[in-house]
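Each remark here refers to the structure printed beneath this line.
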Amino acid sequence: MSVNAFHIRLKAQLMRGLAVLALLALAFHGQTAFAQRNSDPVQPARQNSKTDDNPSPQGEPPLEEVIVSDETFQSSLPKLSDDDAELDEALEPIEAFEKRFEEETKAAPLDPDEPSETQANQATEDVPPREEAPGITRFTDPELAQPLSPLEEFEAPPLDFTQTAPTDDTEETQLRYRWEVTGLIAADAQTSIGLEDQFEALSALEQGGGKAANTAMLTARLADDKALLTRILRAEGWYLAEIEGRLAPTPQGDEVAAIASLAVEPGPRFTVSRIIIEAEPTIPDDLIAGAITLAPGDPVTASAIQLNEALITKALPENGYPFAKVGPRDIALNAETEGSVYTLLVDTGPRARIGGFATSEGAVFDAEHIADIARFTRGDLFDSRDLNDLRRALAATGLLRSFSVEPQATGENADDGTQYVTIQVDQTAGPPRTLAGSLGYGTGQGARLEASWAHRNLFPPEGALTASLIAGTLEQGATLAFRRANSGARDHTFDLGVSALRSNFDAFEAVTGRVGATYSYVSTPIWQKRVTYAFGAEALASVESSFDPLARDFVDQTYLIGTVFAQLGYDTSDDLLNPTRGFRLEGLVQPEGSIEGGFTPYARVVLDATGYVPASDTVVLAGRARFGTLQGADGADIAPSRRFDAGGGGSVRGFGFQQLGPRAIAPNDNFNPNDPDETDDPFTLEPIGGRSVVEASAEARYRFGDYGVVAFVDAGQVYTSTLPTFEDIRFGVGMGARVYTSFGPIRVDVGTPVNRREGESRINVYVSIGQAF
């Protein structure tokens, strides 16, 4: 192909492109005019018709309008002569053309008979204008003759065919609408199928609040809700539902401009005709079949299918199959019978037993301590609930920032055809140190502040060292304690401590040093035990000042006391800190020996019982009884701090701490006989403690949300005899407030004594954490 032929073809293509651009411009102009004539902000879009069977209503333009006819379009194309046959040939590569053009230009002189570019332009201008087709405008803009800019510098602004949205949120610039859904009724056309609330909670029309920026936005919301309604219906078994969405203008004068409506025909609801579970045999044989709740005749709903598979997923690992996989599923619908066949594939994997434990390098707890914490051992059938319990126990230590507990296959076979799995426990250490504090107040006990510092893993594993200080109006002291949690077994604790405490109560003043050790098995928030126990020993050295009725004066005595003890508890209550039903029993036997002018042995026995009965969903009735006795020694031979006393927030409310029981008449140190204005009595009644005690309490607890109120009646008395005589029982009544938190209720109780006697406080206040009992 020659250079001239290439130029001719290029010009022809350019002319054809300009003609197409012109036609597009005319089409766009005509379409814009048509849209402006037929725009309606609330009129739904119409579907174009290919026939004239449905003519447009009178006064409205037709749904189709011919902008440029085919004859006009064809006649506007440039006419090509028969001599231009080369135009139909494929263009050669541009690189080859440029190389050949350069070679021909250099090798061949210009043909004197070929017109120059100027002559060609003049010849073109001399050509008479071509007759234009009707409706076509010829563009003669001189800019078209200018050279084109480089392609990389050409930028075409995007055309925006969308309606401009308002720039503010005022009601005048928004399209207001209302919406409705009809047809959500069962096949009997009388009862609702119950999906209105579910649809409304997710509806885009509802969330729009009845306002849209424009018709396009409202149409999009209607389309979204139609798709949403389709998904909801299918999820509930209506797979053949038909939904029609309409957007229509409202009558003139209506407060809204448009109505968006969804008309539903639910059709038949599909049910389960047959359930096929494809799985290997299990032990027991009905393990999978017994786990599912779906049955033939039930509707094919997404929730039922998912629950069915979740139950299988849960049952298999709880019965020895740690690697079970559920799925995929297949649901074949039959439109004729309105039934379905539900097929589920289940890979049970091998049945497994516990083989042992493994930890990662640098773990906080080694495999041996993990075995102490776990409630399962080698050879036990695998149960995923045991792993969940181990996870909770690891979290309760407070020493791990993160951890994972997962079974790992070993390939080792057991004798019964099962395989052993290793429980892999990976751990990341958390902060081991803790600062804590508590604050309380009680009439007779005064204010009491306790602060402590603890390193909870100073002696691994779980060997904690705690230092604490007590600063109160009536008590001051310090304690250093070692505590090993999960000592040898889960929830078994060993405690060893030394303390020094100064007390200044009405019954005695004492400075006491103590060293003791305890081994206990007690309830925790994770696992509340039915049976608990504790045993231990302690030695005390105490210097105590109390009123001696025989000497009729306060006497200082030094006591050296050694004791061992055993405690046993039984608990059926439903909560450790806030029980609402059940009962608790607890007994303590504590033989002691006191060295003070000789060795005096005696024994302390205490029995406690509490019970809880729910009277309604918000009211709980609670009761408590206590009995205590000291056997084997006279009261004068027993240290005042070791005698029984009663009164206070954990005893008989309405009375101050240690204010119940036998009293002795003692001189009042505050009485000044030389002061003529003295108002104090010359004598006071000092509590001296006793050898037996009896107490009882009744509460009505009303809870509303995270708050509650309590009405209570307490009773009790302390006696000098070794057994209670039940004489002179004193009563206290009062009200309390509760604030329920994640760590237990915070309580404030206010009590007053019944038949108050001289010297007894009229109002007594108690503040602490946890219920009174």
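The values are calculated or read from the model by the stated rules, or taken from the named source; none is laboratory data. These numbers were taken from a predicted model, which means no experiment stands behind them. So basically every Cβ, Gly included, is an ideal-geometry build from the backbone, and we count neighbours across all protein chains shown. Accessible surface areas use protein heavy atoms only, side chains included; no ligands, DNA or RNA. Shrake-Rupley method; radii C 1.70, N 1.55, O 1.52, S 1.80 Å.
Principal axis extents of the Cα atoms in the stretch 462-563, from largest to smallest and rounded to whole angstrom, are 53, 27, 23. For the stretch 631-757, would you read off the P(r) tail past 25 Å as a percentage of all alpha carbon pairs? Value for the stretch 631-757: 42 percent of Cα pairs lie more than 25 Å apart.
Tell me the carbon and sulfur percent of the accessible area for the stretch 320-455, rounded to whole percent, probe radius 1.4 Å. Write down the numbers at each step before the final one.
Working: 3330 of 6960 Å².
Here carbon and sulfur together make up 48 percent of the probe-accessible area.
Ratio of Rg to Rh for the stretch 273-356: 1.03 [Cα atoms; Kirkwood radius as inverse mean 1/r over pairs].
Percent of Cα pairs in the stretch 302-404 per distance bin of 10 Å, from zero to the largest separation: 13, 32, 26, 17, 8, 4, 1.
Within the set of other residues whose C-beta is less than 12 Å from the C-beta of Ala609, count the net charge using Lys and Arg as +1 and Asp and Glu as -1. Counting the neighbours of Ala609, the net charge comes to -1.
Tally up the carbon and sulfur contribution to the accessible surface of the stretch 658-773 as a whole percent, 1.4 Å probe, everything protein left in place.
So the carbon and sulfur contribution to the accessible surface is 58 percent.
Between Gln408 and Val733, what length in nm is gained on full extension when 0.36 nm per residue of separation is reduced by their alpha carbon distance?
Numbers: separation 325, 0.36 × 325 = 117.00 nm, distance 6.07 nm.
Contour length minus Cα-Cα distance gives 110.9 nm.
Over the stretch 595-654, all Cα pairs binned in 10 Å intervals from 0 give whole-percent P(r) values of 16, 35, 25, 14, 7, 2, listed from short to long.
Inverting the pair-averaged 1/r between distinct Cα atoms of the stretch 681-740 gives 14.1 Å as its Kirkwood hydrodynamic radius.
The residues neighbouring Phe773, those whose beta-carbon lies less than 12 Å from its own, together hold a net charge of 0 under the Lys/Arg +1, Asp/Glu -1 convention.
Can you give the extra length, in nm with one decimal, that the chain gains between Leu469 and Arg100 once fully stretched, where that is 0.36 nm per residue apart less the Cα-Cα distance?
122.7 nm
Amide H contacts for Lys211 (H built 1.01 Å from N in the peptide plane; partners 5 or more residues away or on another chain; cut-off under 5 Å): Tyr177.
Shape class for the stretch 723-773, computed from the alpha carbon gyration tensor (a ≥ b ≥ c): oblate, with a/c not under 1.5 and a/b at or below b/c. Here the Karplus relation 6.51 cos²θ - 1.76 cosθ + 1.60, evaluated at θ = phi - 60°, turns the backbone of the stretch 478-485 into coupling constants of 9, 9, 10, 9, 10, 9, 10, 7 Hz, with x for every Gly and Pro.
Between the C-alpha center of the stretch 361-419 and that of the stretch 514-540 there is a gap of 26 Å.
Please label the shape of the stretch 552-683 as rounded, prolate or oblate, based on the square roots a ≥ b ≥ c of the eigenvalues of the alpha-carbon gyration tensor (a/c under 1.5 means rounded; beyond that, a/b larger than b/c means prolate, else oblate). Oblate, because a/c is 1.5 or more while a/b does not exceed b/c.
3J(HN,Hα) along the stretch 692-706, derived from phi through the Karplus expression 6.51 cos²θ - 1.76 cosθ + 1.60 where θ = phi - 60°, amounts to 8, 8, 9, 9, 8, 9, 9, 9, 10, 10, 10, 10, 9, x, 8 Hz, with x in place of Gly and Pro.
In this view, the solvent-accessible surface of His369, computed with a 1.4 Å probe and all protein chains in place, comes to about 10 Å².
If you model the stretch 378-481 as an ellipsoid using its alpha carbon gyration tensor, with each semi-axis the square root of five times an eigenvalue, the axes come out at 45, 15, 11 Å, biggest first.
Please give the net charge around Phe403, taking every other residue with its beta carbon less than 10 angstrom from that of Phe403, where Lys and Arg add +1 and Asp and Glu add -1. Walk me through the intermediate numbers first.
Values: positive: Arg391, Arg401; negative: Asp426.
Every neighbour counted, the sum reads +1.
For the stretch 196-256, which GluC sites (Glu not before Pro) pass both filters: DSSP loop (anything but H, G, I, E, B) and at most 12 other C-beta atoms within 10 Å? When the GluC sites (Glu not before Pro) of the stretch 196-256 are filtered for loop state and at most 12 Cβ neighbours within 10 Å, Glu255 remain. Heavy-atom accessible surface of the stretch 561-634, averaged per residue, reaches 49 Å², computed with a 1.4 Å probe.
Divide the volume of the convex hull of the Cα atoms of the stretch 521-612 by its number of residues and quote the answer in cubic angstrom per residue. Before the final figure, lay out the partial values.
Working: hull volume 13.0 nm³, N = 92.
Looking at the stretch 521-612, the number lands at 141 Å³ per residue.
Remark: the stretch 499-516, residue by residue, has Karplus-estimated 3J(HN,Hα) of 8, 9, 9, 10, 10, 9, 10, 5, 6, 6, 10, 8, 10, 10, x, 9, 9, x Hz, where x stands for each Gly or Pro and the curve is 6.51 cos²θ - 1.76 cosθ + 1.60 at θ = phi - 60°.
May I ask you to give the percent of accessible area on the stretch 464-545 that is carbon plus sulfur, with a probe radius of 1.4 Å? Before the final figure, lay out each step's value.
Values: 2530 of 3800 Å².
Solvent-exposed carbon and sulfur of the stretch 464-545 make up 67 percent of the total.
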